[in-house]
1. Arrange the peptides 9-18, 106-115 so that the one whose residues have, on average, the most other Cβ atoms within 10 Å appears first.
2. How much accessible area per residue does the stretch 58-104 have, in Å², with a 1.4 Å probe?
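The values are calculated or read from the model by the stated rules, or taken from the named source; none is laboratory data. Quick caveat: nothing in here was measured; it's all calculated off a predicted structure. A quick note on method: Cβ atoms are made from the backbone with ideal geometry, for glycine too, and the neighbour counts reach across all protein chains shown. Side chains are part of the model used for accessible areas, which takes the heavy atoms of the whole protein and leaves out ligands, DNA and RNA. Shrake-Rupley method; radii C 1.70, N 1.55, O 1.52, S 1.80 Å.
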Amino acid sequence: MPQIPQTLHELSVGQLSARSGAAVSALHFYESKGLISSRRTSGNQRRYSRDALRRVAFVRAAQRVGIPLATIRDALASLPEERTPNRDDWARLSEAWRQELDERIKQLHRLRDHLTDCIGCGCLSLENCVLSNPDDISGEHITGSRLMPERRRDPAAEEDGTG
């Protein structure tokens, strides 16, 4: 892992990428979403303060557990003076996200448990399919895989071969 000299207070996008493990394109994207910021040199090159390393690590850790970027941005903006998050900040914010993650885990367990039924069915035509018909919303009106309105048969067209 490349070392950054302690005397270096700003990083180029390449240095930030090498040190954080995030692609340059990801860093540009994070910046466009307000997750990190840079200043421009007289040559129009981006320069990031050293604390951008911690912000990028924070963003990537939150992304790994499925937190949306908008939520991450709001969390970073909630810090006093939008400072770099520390260990206590992570503990507080991650605790707030725990309930959302627990609910997602429950949903994934339900999907996994019902997936076997659908594989056994083979065509997703179960009358109460939790994957193609969650909460049996369509079952109030129609059952099975017939979610498209049925065409009316025209006996005259069938006789002459056009139907």
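1. 9-18, 106-115
2. Per-residue accessible area for the stretch 58-104 comes out at 63 Å².
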